[in-house]
1. At 7 Å along the Cα-to-beta-carbon direction for both SER109 and HIS161, put a label point, then send me their distance in nm to one decimal.
2. Using the count of nearby Cβ atoms within 10 Å as a rough guide to exposure, how do HIS120, HIS182, HIS161, HIS151 rank from fewest to most?
3. So what is Rg over Rh here for region 113-175, counting just Cα atoms and using Kirkwood for Rh?
4. May I ask you to sort GLU43, GLU82, GLU101 by Cβ crowding, counting other Cβ atoms within 10 Å and putting the fewest first?
Amino acid sequence: MGSAWDCLGFMLNYRAKLAFRTPFKNREDPICGELEQSPLPDEPDLPGYPLLGFLAGASVIRRSAFLEVRGFESRFFIGGEEELLALDLATRGWSLRYVPELVVHHHPSPNRDAASRRWHLLRNALWSAWLRRPLRSALRETVRLIRTSPHDRTALLGFSHALAGLPWVLRQRRVVPPWVEHRLSLLDSRRRVS
């Protein structure tokens with residue numbers, strides 16, 4: 001049996017990762033402080049702080065872990081696609097960590113379609129909940145998204161695309177194990193407080 005590091009599938013750091021337009025100016029993302037206050041149970045033999053999610057453009061992932069869970073779901077496209085991958089990694093026993101010493105630079109394209117990105121984010125958040133959360137948690141997340149999303153055409157597009165994909169979601173549904181759901185509920189509780 002190997003070391004605790006053998007189960008480390010993913011590390012990330014948001015420090016100095018964001019470059020805004022031109023000229024590129026690297027800035028620490030404000031979320032760094034929040035990540036250091038993770039409410040998730042720690043694994044003291046591993047570096048950094050425990051996570052259950054990440055941003056695809058600002059991460060380092062072990063290739064074997066990525067391949068083991070078959071990578072990103074292609075139907076998600078871009079925008080929240082990492083949520084499902086993170087849940088699948090955790091379910092397979094891979095640890096996800098925020099490691100302050102690791103710096104990943106992310107230079108997002110300034111040419112983004114904000115409306116398209118927003119409806120993809122909404123649809124993918126719904127699909128992730130419906131694909132992996134127990135029914136009660138999936139319904140709670142759906143209600144939260146309905147309440148917190150702007151009531152506009154873009155949100156309607158996200159909800160309608162999510163519903164259109166429901167037959168596929170139901171065929172692919174694999175609920176996370178109870179210990180992963182418990183960690184998700186810790187994060188849900190923190191989100192309700194903040």
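Quick note: the coordinates plus some simple rules give every number you see, no bench work behind them. Just so it is clear, the model here is predicted, and its values are computed rather than measured. In this analysis, Cβ positions are derived from the backbone assuming ideal geometry, glycine residues included, and neighbour counts consider all displayed protein chains.
1. Simple spin-label model gives 1.5 nm for this pair.
2. Sorted ascending by nearby Cβ count, the order is HIS151, HIS182, HIS161, HIS120.
3. 0.97
4. GLU101, GLU43, GLU82
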